[in-house]
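Below is one structure, written out as structure tokens; comments come after it.
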Amino acid sequence: MSSKPEEGDVHTFERTFTHADVERFGEVSGDQQAIHSEPDAEGRLVVQGLLTATLPTKIGGDLGVLARSMEFEFLEPVYTGQPITCEVTTENVDERDDRYDVACAVVCRRPNGRVMNARFEGIIWKEAGQ
């Protein structure tokens, strides 16, 4: 049985994306624009928005969330070599017989400000493998 999610639960994850991460994601997604493949004057690449969006999906995966919907607002570019901290807050939990329906808010930041806001809704099965 999964642990019961509670409104107000906060989960964090930090990651620094590398050139190799951006290159691999570009190969998989097909998003290989010049900003993702040609370094700027400081040697950095711009991280694809949807690669940045893997931060809350990592937390959701850790919690066993099967996402039903996701919404992203990209505020500032993320560059390789910058530590990004993702914070997921559980805003709503509705308990059902076999699952929990959850809604979560997401904020991703680098040291000097927010880079992404997001929301997701999904389910967490009470018993694994459903």
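Overall, segment 10-125 carries a charge dipole of about 200 debye about its Cα centre when +1 sits on the Cβ of Lys and Arg and -1 on the Cβ of Asp and Glu, all other atoms neutral.
Between L50 and T12, the C-beta separation translates, for a Förster distance of 25 Å, into a calculated FRET efficiency of about 0.75. Note on the chain: helix-only mean residue ellipticity at 222 nm, from DSSP H runs of 4+ residues weighted -39500 (n - 2.57) and normalised by residue number, equals -5500 deg cm²/dmol. Per residue, the average separation of C-alpha pairs within less than 8 Å and at least 6 apart gives the chain a relative contact order of 31 percent. Candidates T90, T52, G8 compared by Cα position along the dipole of the chain: farthest toward the positive end lies T52, with charges placed on Cβ. Put simply, the convex hull of the Cα atoms in the chain casts, on average, a shadow of 8.4 nm².
A short reminder: the numbers here are calculations on the coordinates, not readings from a lab. Note that this is a predicted model, so its numbers are computed, not measured. Cβ atoms come from the backbone with ideal geometry, glycine included; neighbour counts cover every protein chain shown.
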